[in-house]
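Participant: Let me begin by handing over the structure; questions about it come next.
Read-outs: derived from the displayed coordinates by stated rules, not from any lab. All of these numbers come straight from a predicted model, not from anything done at the bench. Here the Cβ is made from the backbone with ideal geometry for all residues, glycine too, and neighbour counts use every protein chain on show.
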């Protein structure tokens, strides 16, 4: 069983994932880094060369390789796809880290490795955040408050992962 962390860019998936994986004694896989390593291209290069839809196909493809006992920090768009989300729920649990837009934006603004950040205004990103939030809720097994300390978030997810076993 894997634990798939989802939420908007900057919600804390990778950071909380490191704490959670250490607490549970399992490996963290950052899906974006996994894709970059497998494709031998940066995410901006994949977006530029093939477009966002192709990147979403790669996310769906690689998430299936990570179903055997990992903490998976997904990209911000990975579990927006209903089929990918269904797979994540069937092979483990998916947890939506519900962090405020203001916190997410403070963490991601100016990040050149995030094509959506670089090509959108703060207002457009907030609109995207508001559009994605109900999808994250629908496509997740659990939701946790991302507006608290990372150790508390990781502890909450660890408890949820034991409940679902």
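Participant: With (1) assigned to a helix (DSSP H, G or I); (2) within 21 Å of residue 16 (Cα to Cα); (3) in contact (Cβ under 8 Å) with a residue 60 or more places away in the chain as the list, and residue 156 as the residue in question, which single condition is left unmet?
Facilitator: Among (1) assigned to a helix (DSSP H, G or I); (2) within 21 Å of residue 16 (Cα to Cα); (3) in contact (Cβ under 8 Å) with a residue 60 or more places away in the chain, the lone unmet condition for residue 156 is (3).
Participant: Further question: Condition check: farther than 28 Å from residue 155 by Cα, outside any strand (DSSP E or B) and in contact (Cβ under 8 Å) with a residue 40 or more places away in the chain. Does residue 44 satisfy that?
Facilitator: Yes.
Participant: To continue, here is another question. Considering segment 83-104 alone, what residues qualify as being farther than 23 Å from residue 36 by Cα and out of contact with any strand residue (DSSP E or B) (no Cβ under 7 Å at 6 or more places or on another chain)?
Facilitator: Answer for segment 83-104, where residues must be farther than 23 Å from residue 36 by Cα and out of contact with any strand residue (DSSP E or B) (no Cβ under 7 Å at 6 or more places or on another chain): 86, 89, 90, 99, 100, 101, 102, 103.
Participant: Oh, and also: More than 21 Å from residue 136 (Cβ to Cβ) and not in a loop (DSSP other than H, G, I, E, B): is that true of residue 38 in this structure?
Facilitator: yes
Participant: Further question: Residues of segment 15-35 being under 15 Å from residue 63 (Cβ atoms) and crowded, with 17+ Cβ neighbours inside 10 Å, which ones?
Facilitator: 17, 28, 29, 30, 31, 32, 34, 35
Participant: To continue, here is another question. Just for segment 56-91: of the residues that are touching a helix residue (DSSP H, G or I) at 6+ places or on another chain (Cβ under 9 Å), over 18 Å from residue 137 (Cβ atoms) and in contact (Cβ under 8 Å) with a residue 60 or more places away in the chain, which one is surrounded by the fewest Cβ atoms within 10 Å (Cβ to Cβ)?
Facilitator: 67
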